[in-house]
Amino acid sequence: MDKMKVCVLEGDGIGPEIVGQALKVLDTVCKARSISLETDHALIGGAAIDAVGEPLPQDTINRCKQADAVLLGAVGGPKWDDVPSHLRPEKGLLGIRKALGLFCNLRPAAIFPALKEASPLRPEIVEGGVDLVVVRELTGDVYFGEHTRTEQNGVTVGQDIMSYSVPEIERIAHKAFHLARKRHKRVTSVDKANVLETSRVWRETVSRIGDEYPDVKLNHMYVDNAAMQLVRNPGQFDVLVTGNLFGDILSDESSMISGSIGMLASASLGEGSMGLYEPIHGSAPDIAGQGLANPLATILSVAMMLRSSFGLNHEADLVEKAVSQALDEGRTADIQADGLPVLSTEQMGDLVAEKVKALLEA
Ligand code: NAD
């Protein structure tokens, strides 16, 4: 690879600060590998509302479509809390995923050895290490079925239709098995097949697709059991694949295992190599502009981008390793530890970039 084009959506609050550090790390990787990095900055969220009156201008969609990957900071803040709901900054997030055809959300939950104490789980539960990814389907399920409210014999009834088609399940299953091949070759498919027909179609389809990946071990788990196992023995999981509703809940639950919101990255992927990469946290308006934000979730999102959109698996591994090394030398305020200096957003970005450079040159 000799060229990389990334559309950058800084967004609001701490967005510009954290994205700046992530780009510093990406630039370090590109320079070391003689890749020409082209970045294009576009507006989203509150910043777009202020500039052009809507959270996702068509110009932003066009620019994202012309890029190989999108890096997003975060959107929202009190300034836009009272705008009409169709104009809220968060509409920009849903809109851009839809416009780019992104149907697969990846959320890794890993515990960096240096941050073991931050996990709300007991030390003996996370002792053996946790390194899992939740693969959540994003465009189907009960969220996108018909929503109705009717009056039946004087009683108000709400109804939401849950459905999944075989092709929708096939494409997310392929994503999960592909990912597992690059990891520890285990997929757990989560459903509620003892009750829901949607889940029985899900289970049959994932099993059939699983036959195409004989090198990957597949097991099925009911969602209630999965919710329990995530806090009982999270080390058993590698890739968890599930539908939109169960994935919404399980990905938040698994995020909590690491205990530090400033550390959690995510990716939204479509059919090709295009992906949108962002931290899972919000725009943190309470600390914006003060140099207090932890940029590591956004830097780890760049690692996901290197792996998923550009196939640079080794470089992605090194960025993660650099983050791990940096945590031993300094911390941002949200994860500060006795005996380690407290670093600003920029100092943390510099430290990781320096570590990445050294690892790439080693
Ligand atoms: P938040 O994630 O922005 O902040 C929650 C808490 O975590 C705050 O105390 C914040 O200071 C801290 N925090 C978050 N990220 C941090 C980081 N990188 N480093 C250090 N501390 C960090 O959630 P919130 O306060 O509920 O929401 C604030 C705004 O963000 C709202 O407008 C909300 O709608 C929006 N939001 C956006 C996204 C997104 O863009 N994907 C996600 C969640 C919330």
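For the range 273-345, which GluC sites (Glu not before Pro) pass both filters: DSSP loop (anything but H, G, I, E, B) and at most 10 other C-beta atoms within 10 Å? Hits after loop and neighbour filter: nothing returned. Put simply, the C-alpha atoms of the chain give a gyration tensor, and the ellipsoid matching it has half-axes of 32, 26, 21 Å, longest first. Computed from backbone phi with θ = phi - 60° and the Karplus coefficients 6.51, -1.76 and 1.60, the 3J(HN,Hα) list for the range 254-266 is 5, 4, 5, 4, 6, x, 10, 4, x, 10, 9, 9, 8 Hz; x is used for glycine and proline.
The stretch between Lys98 and Glu197 holds 33.0 nm of extra length on full extension. This uses 0.36 nm per residue minus the Cα-Cα distance.
Between the range 159-211 and the range 1-38, what's the alpha-carbon centroid distance in Å? Rounded to whole Å, the Cα centres lie 34 Å apart. Cβ crowding within 10 Å, taken as a proxy for footprinting-reagent exposure, orders Val302, Val206 from fewest neighbours to most as Val206, Val302.
When the listed pairs Lys321/Lys357; Lys24/Lys98; Lys24/Lys65; Lys175/Lys217 are checked against a 18 Å cut-off, the alpha-carbon distance exceeds it for Lys24/Lys98; Lys24/Lys65. Once the Cα-Cα distance is subtracted from the 0.36 nm per residue extended length, the Thr156 to Ala362 segment shows a gain of 67.5 nm.
Between Glu124 and His147, the simple label model (points 7 Å from Cα in the Cβ direction) yields a spacing of 4.5 nm.
For GluC sites (Glu not before Pro), the sites in the range 163-232 that DSSP calls loop and that have at most 11 other Cβ atoms within 10 Å are Glu212.
Here the contact order of the chain, divided by its residue count and restricted to Cα pairs under 8 Å and six or more residues apart, works out to 22 percent. By the beta-carbon count within 10 Å of each Cβ, the least crowded to most crowded order of Ser309, Ser254, Ser36, fewest first, is Ser36, Ser309, Ser254.
Summing +1 for each Lys or Arg and -1 for each Asp or Glu, what net charge is found among the other residues whose Cβ lies under 13 Å from the Cβ of Val83? Local net charge: -3.
A full extension of the chain between Gln290 and Asp350 corresponds to an added length of 19.9 nm, given 0.36 nm per residue minus the alpha carbon distance.
Under the definition of Cα pairs under 8 Å and six or more residues apart, what whole-number percent is the relative contact order of the range 117-187? Spell out each step's value before the answer.
Values: 47 pairs, mean separation 16.1, N = 71.
Here the relative contact order equals 23 percent.
Relative contact order for the range 186-253: what percent, with Cα pairs under 8 Å and sequence separation of 6 or more? Relative contact order here is 48 percent. A crude spin-label estimate for the pair Val231 and Met256, with each label 7 Å from Cα along the Cβ direction, gives 0.5 nm. Here the residues Met162, Met348, ranked from fewest to most Cβ neighbours within 10 Å of their Cβ, fall in the order Met162, Met348.
We did not get these values from a lab; they are worked out from the coordinates using the rules stated. Just so you know, these numbers come straight off a predicted model, no measurement behind them. Ideal geometry is used to build each Cβ from the backbone, glycine not excepted, and the neighbour counts take in all protein chains shown.
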